[in-house]
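Below is one structure, written out as structure tokens; comments come after it.
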Amino acid sequence: MSDELTNSRLGEMAYDPAPESAAIARLKPSYGLFIDGEFTDPSSHAAFVTLNPANEEPLASVAQASSADVDQAVAAARRAYDTVWSKTTGAERSKYLFRIARLIQERSRELAVVETLDNGKPIRESRDIDIPLAAAHFFYYAGWADKLDYAGYGPDPKPLGVAGQIIPWNFPLLMAAWKLAPALAAGNTCVLKPAETTPLSALVLAEILQQAELPPGVVNIVTGDGTTGAALVDHPGVDKIAFTGSTEVGRRIQQRVATSHKHLTLELGGKGANIVFEDAPIDEMIEGIIDGIFFNQGHVCCAGSRLLVQESVADDVLRRLIRRVDQLRVGDPLDKNTDVGAINSAAQLARIKELTAYGEEEGATRYTSTCALPDKGYWFAPTVFADVAQSHRIAREEIFGPVLSVLTFRTPEEAVAKANNTNYGLACGVWSEKGSRTLWVAERLRAGVIWANTYNRFDPTSPFGGVRESGFGREGGRHGLEAYLNV
Amino acid sequence: MSTSPLRLVTSDAREVQLPSGSTLPAVESESQLRGLLAGLSGVDAVGAEARAAKLATRSLKKTTKLAALDLAISMVDLTTLEGADTPGRVTSLCTKALHPDPSDASVPSVAAVCVYPDLVAHARHVLGTSSVKVAAVATSFPSGRASLNVKLLDVREAVTAGADEIDMVIDRGAFLSGRLGQVFDEVVAVKEACDGAPLKVILETGELVTYDNVRRASWIAMLAGADFIKTSTGKVSVSSTLPAALVMLEAVRDFAEATGALVGVKVAGGIRSSKDALRYLVVVNETTGSAWLTPDRFRFGASSLLNDLLMQRLKQRSGAYVRADEFSGD
Amino acid sequence: MSEDRLDVRKTYKLLINGAFPRSESGRSYEVTTTKGEFVANVAQGSRKDVRDAVVAARAAQAKWWAQSAYGRGQVIYRLAEMAESRRDELAEHVRLCEGLSPKKAQARVSRAIDRVVWYAGWTDKIAQILGSSNPVAGPFFNFSVPVPSGVVGVVADQDSSLEAFVDAVLAPIAVGNTVVAIASEKRPTPAALLGEMTATSDFPGGVLNIVTGFTGEVAPTLAAHEDVDGIDLGGVDEDFANDLAHSAAGSIKRVLRPSPTDEASLRRLRAFVETSTVWHTIGQ
């Protein structure tokens, strides 16, 4: 019996490295802008280097688009809209989108590796989530292109024209799909601006658009920094701006667009509450909390970054949670067994460090995984703050990293009040085996997406988007068409 | 900057924490049993299956894979449970159990052979004093549809014939009709009849259907003194599944933390490939951890699995794929 | 009105939280016909009145939304009944304010009341029109329902004193929002009368709040107020609307700049609706 008193250590069997090959990405040394169906040099010949955040090694040189380049891209999009795309039938548009979806599937392994190299996310996620969902999104909207009459916006709804689309670095290809697929299905042409730190998968997508023989100018891709995005937002030839990113930038965009007649949809930040009742299915709930905050290193606008746990079970939940956090495998994003990858950039890492320092200063109790972190690259060990108060900055501000704040509540009403006590309103989770209470809570949460007994699930048929300072407009589903139709 | 409680996760955070001394609660009435079971959390089927599927994507390479293959071999309860079983068939099985790969002495023996009670004596004779155990399926395996007296006699005869371990079935009919006390009492009685031989309690998860039932049945068996809980007989259409095993492993983990008693898990039925076996080991590794990564606490009830483990083992060492005839068909 | 008797005149007051206060500022202003004849003195609302109205609207919103859709329809229909019974009074003020013939004024009131009935019927349909069940690729029940944005500010049309006002306030109210409306500056009395009618038609206090006064003074407060979730800029010219839209962006408000074709339209009903999507696992 003596050996039975030794505690059992979880994850004791170590896994040898199981890396996916970086060569699968077939990266080129440099990439131009994708304008009017061709890769072109930017007018200024300016370029920047995109890094692998896992080791800080350069991946490729990417063109920096100036306002003159944006002008070219918008002009190409306008030309394509006037001369080709607005004259292409819905059925034909549909087939282009189906083609694109298939090509993404065919090149899915390459895209997964590109995404992981450029973003730092685990290959398991890019392989099993980002890339399949991106393909699925094109498949879904492909079918809408010739059925817009049935979308509930009246007969023969019209596109808006040229859409300027600015996407973030957390799900580079998936966000491109979320933007392009409904816009093209609705009959718009597009100028897409990928994030500065993650431009590569969009450029592979440009190759795919060429392979699909999408008419030149229907989609243009301009890489660059914030100035490129600003040029696109301000461009008078753009009819619609769709932006996904921070609330801070979203606010500025809404202000700039206010004096124009541009249509606007915003998908911004969040501070999602994951509400755990004492009757929650405990093992699945722990996994859900983990998925909620450590999926994609917490670089998720809808992350469940606030855990609201019923006081009666708080100690048990916290203990199990910490145990699970310490088991997360942090490291080489290309390793198929990695659970948590690299922070996307030095700037983001600095932001996470700053806010977690506040967490300590404000008196919350910090638990940080004992995992070893690589020497090079941008890394942050999974962290949980307990004893967090509503007033703490780590309970109010979006950290956008692998950091969870744990708060407690006593009654369903208090849970709802605390969950809603934020300027954001993107997503929430509810964990309970009691259906009626789950629906009671769901009805009262001010959030665009509510996950019950699950978290961070996405599907092209399911509308996604926020309320209040998390933005407006929906992506996905029938609702997602509205953003690109003049209705 | 002033910093207040900075508690880094301590080195024992990742452990299944056992209480000092056994605190197994004595179950004295059915209502008390129901109370204990009512305190168990529900299982969300979607979440449990998603977790199992995610763990199934773990990729075991190189030395990890080799070690895991050997560990899996050592965990096999090499099984024959056919109406056509004969002493001759059992002899070949035992021979294989002792030396799965006669050409390679580094291959470990399996944990046990598993046979019907009437063949226990023969198996015992062939295995002699080796480390390979004789396990007998008793209690009117696989249906369990007999009186308690018949079941106990079945067990006693197997033990008398030399069985080291007994695999019993619970009365699923009693469980599903709510006679939980009866299920509990039967396990207690069989445990006593085992006379010290380790008892594996087969839940037949495929007939219990829901994960909530699997969790409750696991706890009934453990509270009644099971040394192992086992998924399946292999005789119904749904045998062991990864999520059902996950739920059972969560149950033994929580039971260990609650009582200090470490109960083993045996998965059986339909596990034919090394890939499947390694997936189970990953689930063990990440759910219950090191103390269960031993034949004392985790078993595979299987027959054809062993050859696939051997083939993968050889392939892993030689680099070339292996033909099936490389190993005996026993 | 009898010639041999001095008529009793009414002061038109604000509507905040179901009560009819004078402006906290104590100010009022003179409303005249299009020809300059005196119609009434009307409370001149202030920034603080807007603030109070927003507080009332916020407090009322959860309760209004918690009512059944059927119940909200009943309340709005009751308003139509009240308006019908006081239609002559409404028509008289529409005539005075808009400079119309009695017949045209009556016709406008008829259309406005019919519009109220139209919105009454929407309350329990909108979820079926805008909602959906979403066939996600996984074991989840997934549905989307329209939910109100919350508190909606309305800068009402300056010309159409009743009809446009009904569209602007009842579209958001029908879908569960509460409203703070700034009535037409020069033609506020029909809106004020409608406000009075809500007090006798089961409208919970705070669901509709009306501030009369100078649009240029109070609209910026409404547009910038962080606890206002959306704003309808139907009653200001383009330059002013640009300014207000810029200020509304401070708290990422939904902004509606309606076009004439938006009256009694689904677009209006959609303008201050959010889509809430719920996922739930499906398993044994």
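The values are calculated or read from the model by the stated rules, or taken from the named source; none is laboratory data. All values reported here derive from a predicted model rather than from experimental measurement. Heads up, the Cβs are rebuilt from the backbone with ideal geometry, glycines too, and the neighbour counts pull from every protein chain shown.
Summary of values
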{"item": "Residue within the stretch B:270-279 that is modelled with pLDDT under 95, within 14 Å of the chain's Cα centre (by Cα) and more than 9 Å from chain A (Cβ to nearest Cβ) present", "result": "yes"}
{"item": "Answer residue from the stretch B:124-156, given it is among the charged types (D, E, K, R) and over 30 Å from B:LEU33 (Cα atoms) and is surrounded by the most Cβ atoms within 10 Å (Cβ to Cβ) among those", "result": "B:LYS133"}
{"item": "Residue list for the stretch A:450-484, restricted to those being part of a helix (DSSP H, G or I) and facing chain C (nearest Cβ under 7 Å)", "result": "A:ARG468, A:GLU469, A:ARG478, A:HIS479"}
{"item": "Qualifying residue in the stretch C:71-79 (condition: more than 30 Å from A:TRP440 (Cβ to Cβ), part of a helix (DSSP H, G or I) and out of contact with any Phe, Trp or Tyr (no Cβ under 9 Å at 6 or more places or on another chain))", "result": "no"}
{"item": "The one condition in (1) at pLDDT below 95; (2) loosely packed, with under 15 Cβ neighbours inside 10 Å; (3) more than 14 Å from every other protein chain (Cβ to nearest Cβ) that A:ARG26 fails to fulfil", "result": "(1)"}
{"item": "Some residue of the stretch A:401-415 being more than 24 Å from A:GLU311 (Cβ to Cβ) and modelled with pLDDT of 95 or more", "result": "yes"}
{"item": "Residues being under 17 Å from the mean Cα position of the chain (by Cα) and charged (D, E, K, R) - total across the stretch C:64-94", "result": "2"}
{"item": "Filter result for B:GLY178 (farther than 26 Å from B:VAL90 by Cβ and outside any loop (DSSP other than H, G, I, E, B))", "result": "no"}
{"item": "Sole exception among (1) more than 12 Å from the chain's Cα centre (by Cα); (2) within 14 Å of another protein chain (Cβ to nearest Cβ) for B:LEU309, by number", "result": "(2)"}
{"item": "Candidate set from the stretch A:244-264 (those that are away from chain C (no Cβ under 11 Å) and out of contact with any Lys or Arg (no Cβ under 8 Å at 6 or more places or on another chain)); member that is farthest from A:ALA77 (Cα to Cα)", "result": "A:SER246"}
{"item": "Residue in the stretch B:43-69 that is surrounded by the most Cβ atoms within 10 Å (Cβ to Cβ), counting only those that are facing another protein chain (nearest Cβ under 7 Å) and over 24 Å from A:ASP283 (Cβ atoms)", "result": "B:THR64"}
{"item": "Residue count, the stretch A:286-312 (criterion: in a helix (DSSP H, G or I), within 14 Å of another protein chain (Cβ to nearest Cβ) and closer than 18 Å to A:PHE458 by Cα)", "result": "8"}
{"item": "Out of A:VAL49, A:VAL62, sole residue that is surrounded by fewer than 18 Cβ atoms within 10 Å (Cβ to Cβ), farther than 30 Å from B:LEU55 by Cα, of a type in the set (Val, Ile, Thr) and touching a residue at least 12 places away in the same chain (Cβ under 8 Å)", "result": "A:VAL49"}
{"item": "Filter result for the condition that a residue is under 30 Å from A:LYS147 (Cβ atoms), crowded, with 20+ Cβ neighbours inside 10 Å and out of contact with any Cys (no Cβ under 8 Å at 6 or more places or on another chain), over A:LEU205, A:LEU200, A:LEU180", "result": "A:LEU205"}
{"item": "Among (1) assigned to a loop (DSSP other than H, G, I, E, B); (2) facing chain A (nearest Cβ under 9 Å), the one test that B:ASN285 misses", "result": "(1)"}
{"item": "Where C:GLY99 falls short, out of the listed (1) crowded, with 17+ Cβ neighbours inside 10 Å; (2) under 29 Å from C:ALA241 (Cβ atoms)", "result": "(1)"}
{"item": "Scope the stretch B:70-98; condition touching a Cys at 6+ places or on another chain (Cβ under 8 Å) and either in a helix (DSSP H, G or I) or at the interface with chain A (Cβ under 8 Å from one of its Cβ atoms) (or both); matching residues", "result": "none"}
{"item": "Residue within the stretch A:352-368 that is more than 7 Å from every other protein chain (Cβ to nearest Cβ), assigned to a loop (DSSP other than H, G, I, E, B), modelled with pLDDT under 95 and surrounded by fewer than 22 Cβ atoms within 10 Å (Cβ to Cβ) present", "result": "yes"}
{"item": "Residues of the stretch B:297-327 that turn out to be touching a helix residue (DSSP H, G or I) at 6+ places or on another chain (Cβ under 6 Å) and either basic (Lys, Arg) or loosely packed, with under 15 Cβ neighbours inside 10 Å (or both), as a count", "result": "2"}
{"item": "Of the criteria (1) surrounded by 24 or more Cβ atoms within 10 Å (Cβ to Cβ); (2) more than 18 Å from B:LYS200 (Cα to Cα), which one B:VAL284 fails", "result": "(2)"}
{"item": "Among (1) assigned to a helix (DSSP H, G or I); (2) out of contact with any helix residue (DSSP H, G or I) (no Cβ under 9 Å at 6 or more places or on another chain); (3) not hydroxyl-bearing (Ser, Thr, Tyr) - the single one A:HIS261 does not satisfy", "result": "(1)"}
{"item": "Of all residues in the stretch C:123-147 being within 14 Å of another protein chain (Cβ to nearest Cβ) and in contact with a Phe, Trp or Tyr (Cβ under 6 Å, 6 or more places away or on another chain), the one that is farthest from A:TYR455 (Cα to Cα)", "result": "C:SER133"}
{"item": "Members of the stretch C:1-59 found to be among the hydrophobic types (A, V, I, L, M, F, W, C), in a strand (DSSP E or B) and within 26 Å of C:SER160 (Cβ to Cβ), listed by number", "result": "C:LEU15, C:ILE16, C:VAL31, C:PHE38, C:VAL39, C:ALA40, C:VAL42, C:ALA43"}
{"item": "Unique residue being of a type outside the set (D, E, K, R), free of Cβ contacts under 8 Å to residues at least 60 places away in the same chain and not in a loop (DSSP other than H, G, I, E, B) when the list is B:VAL188, B:VAL214", "result": "B:VAL188"}
{"item": "Subset of the stretch C:228-284 (residues that are polar (S, T, N, Q) and in contact with a helix residue (DSSP H, G or I) (Cβ under 7 Å, 6 or more places away or on another chain))", "result": "C:ASN242, C:SER247, C:SER251, C:THR275, C:THR281, C:GLN284"}
{"item": "Test: A:LYS271 is over 23 Å from A:VAL487 (Cα atoms), modelled with pLDDT of 95 or more and either away from chain C (no Cβ under 14 Å) or touching a Phe, Trp or Tyr at 6+ places or on another chain (Cβ under 9 Å) (or both)", "result": "yes"}
{"item": "Residue selected from the stretch B:288-306 under the condition farther than 26 Å from B:LEU81 by Cβ and not in a loop (DSSP other than H, G, I, E, B), by the criterion farthest from the chain's Cα centre (by Cα)", "result": "B:SER290"}
{"item": "Complete set of residues in the stretch B:157-175 that are assigned to a helix (DSSP H, G or I) and surrounded by 24 or more Cβ atoms within 10 Å (Cβ to Cβ)", "result": "B:ALA158"}
